[in-house]
Every structure is written in structure tokens, then in C-alpha cells.
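To start, the structure under review is shown below, and the notes come after it.
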Amino acid sequence: MTDTLTGSAAPTSAPTTPAAGTTPATGTPLVKRGLAEMLKGGVIMDVVTAEQARIAEDSGAVAVMALERVPADIRAQGGVARMSDPDLVQGIVDAVSIPVMAKARIGHTVEAQILQHLGVDYIDESEVLSPADYTHHIDKRGFDVPFVCGATNLGEALRRIGEGASMIRSKGEAGTGDVSEAVRHIRTIRTEIAELQALHATSPDALFHRAKELAAPTELVLEVARTGELPVVMFTAGGVATPADAAMLMQMGAEGVFVGSGIFLSGDPAARAAAIVRATTFHDDVAAVAEASRGLGEAMVGISVADLPAPHRLAERGW
Ligand SMILES: O=C(CO)[C@H](O)[C@H](O)COP(=O)(O)O
């Protein structure tokens, strides 16, 4: 395809497809982004024990996220939140047949090396843990294991992709049970993508200035303007507590949902997990979402984001 801006072959961050008959090596962008493609439309659940991981798998989760405390407990207990004990991660890897993700602190290269060594399928460089580096994220390009990173807006998403992230999740405000920040972030990212597309059609020369404003790599900005989508899969996260929350975010353009505190801090985790999976799958079918919402017992109590003082906003970690 020829780019209207440059008149030459369109630049792209798209990974190249290997020649027919050849097997792509592990750790290529194609393989790393491809795993996220396979998770599309599904729910990824935070779990802190092997038993919770089995409940998640039985409920239809497409993957689990191993961590030592769900975000609401991290929020309530405070202190420094770090990568989980390798024994816990290993126990979860051994307990389920679905992919296992695990969290490393922002900028913590060695936690990421350890998680890769343990054989997890994805690393979440997550603002839910205490950042190890307030200036740099992990250079993710050299790892064989793929990374997912959080973003509150398009510039942040493209900076993470430029560093090698193979999947994006809009951040929301984890551990609150309040979906409002997840809504704000997915809306912001979708709107900024649409604005880039419009600029591409009307004044493509303005895209270079827009890249500067977004503080994002120019080639990625040009690519998103041309294609109208991120070059990687984008899930949503943070504050999802009900089947209706999950369905709404899917209707708003998320390609899947992360749920943490909302399941295992609710009255009936197994029922709620299965209901959220069902509502995510059938997000456009209101009868199915209504049915999934019945009889789930108590949702997590949560905390309204509006009552959270700025230092307690996890989404502000990372840049
Ligand atoms: O931490 C995560 C991503 O890094 C979680 O998967 C997600 O943000 C959990 O949030 P919540 O507990 O509000 O569902």
C-alpha cells in the first residue's frame, strides 16, 4: 500500500509474515503480538493462588494473571508491591492449561528476566505494582516473552509499543471496583485514534506535529492514522466489577477485558467469573448480559474514584 503522506510504500510497525513453509522463531514481533490476537474477545483474570487459577480456567477465562495480592488488597494494605514469589507463579503455571501472565514492576528489568525464565506466557509491566523506575520503562524489544502495558491515552500506548509492548490494556483505576476511569481511558484512546484518521484524510502534513504533541514515535502515529487502529490488541482493565461493566467496555471498542479484584473479592467468585465471561462474549446481546447479571450475590464493595486523592491513583504511574 502507498502512503498518501510520503507517496512511498507505507511505513509500518507490522511484523513481517514468514515465508510459506517456514516457522517463525520465538520472540519475533509476529509471534508475540499473535498470542494476544488469540486472546481477543476473552477475559483475563487476576489470581493469587493455584486454586483461584483453576476457578478462572473453569469459568472460561482465556488467561490468568498471577500476582501476590489483587489490586484492591494492594490498595488497602499499602507498602511496596512487587513481582510474586516464583513458587507462586510456578504453582499457577502448573495448575492450568490456559496462558499465564505475571506482573513485573515498571522499569524492573530483572523481575522481567525472572518471569521469562519461569516460562510465563506474558509479562504485565504494571502500574498496580510499585514502580521500580520513575523515568524508564523496560526495554521490551530484546525479550522473547511478550509484554502487555497499561495506557491512559494514545500517546502513552504508542510509547509502550515503541518500547516493544505486544499488547495494550487501557488502565482504568485498578482495585476500586469503579469502572469510570476505564470508560474514560478507552474513550480517550478511541477518540484520539479517530482524530488521527481524520487528520490523515484532511491534512496529513499535520500528523508530524501531532506526533510531537502525543510524544509518540512518528512512524507509529503515521501507521495508526492510516489504519485507524493500534498495531497491537487492546484490552481494557481497572475497576470492572459486573457483567454489565465488561459488556459496556466491549461495546466501546475494547478487544477483551482484564478483571482483578471484582471477581475474587465478590460474594461468589465462580459464578461472577463465569457471568463476566458470558457478558464479554455476548456483549451486544442485552438479553444475554441481563441473564448473566442475575443472582450473583454481592459485588465487591469498592471505592469511588472521585473520593481518591491524587497520590492514590495507580493510573498516574507510568507516563
Ligand atoms: O492489574 C491489572 C493489570 O495490570 C489488572 O488485571 C487489572 O487492572 C485489575 O484491576 P481490578 O482489580 O480493578 O479489576
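What follows draws every value from the coordinates through simple rules; no lab data is involved. Please read these numbers as outputs of a predicted model, since none were measured by experiment. All Cβ positions, glycine included, derive from the backbone under ideal geometry; neighbour counts span all protein chains shown.
Data overview
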| item | result |
| --- | --- |
| Helix-derived mean residue ellipticity, 222 nm - over the chain, DSSP H n ≥ 4, -39500 (n - 2.57), to 500 | -12000 deg cm²/dmol |
| Gyration tensor (alpha-carbon) shape descriptor, segment 229-319, a/c threshold 1.5 | oblate |
| Label-to-label distance, nm, for residues given as D139 and D268 (7 Å Cα→Cβ offset) | 5.2 nm |
| Dipole of segment 29-312 [Lys/Arg +1, Asp/Glu -1 at C-beta], most positive-end residue of I92, G238, L199 | L199 |
| Radius ratio Rg over Rh of the chain, counting only Cα atoms, Kirkwood formula for Rh | 0.96 |
| Protection proxy ranking of 159-167, 140-148 - average other beta-carbon atoms within 10 Å, highest first | 159-167, 140-148 |
| Ascending count of other beta-carbon atoms within 10 Å, so fewest first, for Y122, Y134 | Y134, Y122 |
| Filtered GluC sites (Glu not before Pro), segment 240-319: DSSP coil and at most 14 other beta carbons within 10 Å | E298 |
| Spatially close lysines, pair count over the chain: Cα under 16 Å, gap of eight or more or interchain | 4 |
| Max mean-square fluctuation residue, GNM over the chain, Cα-Cα springs under 10 Å, options V62, V70, V301 | V301 |
| Whether segment 161-207 is rounded, prolate or oblate, judged on the alpha carbon gyration tensor where a/c under 1.5 counts as rounded | oblate |
| DSSP beta bridges in segment 29-312 [antiparallel fraction, %, rounded to 5] | 0 percent |
| Helix axis angle, 180-202 relative to the chain longest principal axis, alpha carbon, degrees | 10 degrees |
| Net charge dipole size for segment 64-185 [Lys, Arg +1 and Asp, Glu -1 on Cβ; Debye, nearest 20] | 300 debye |
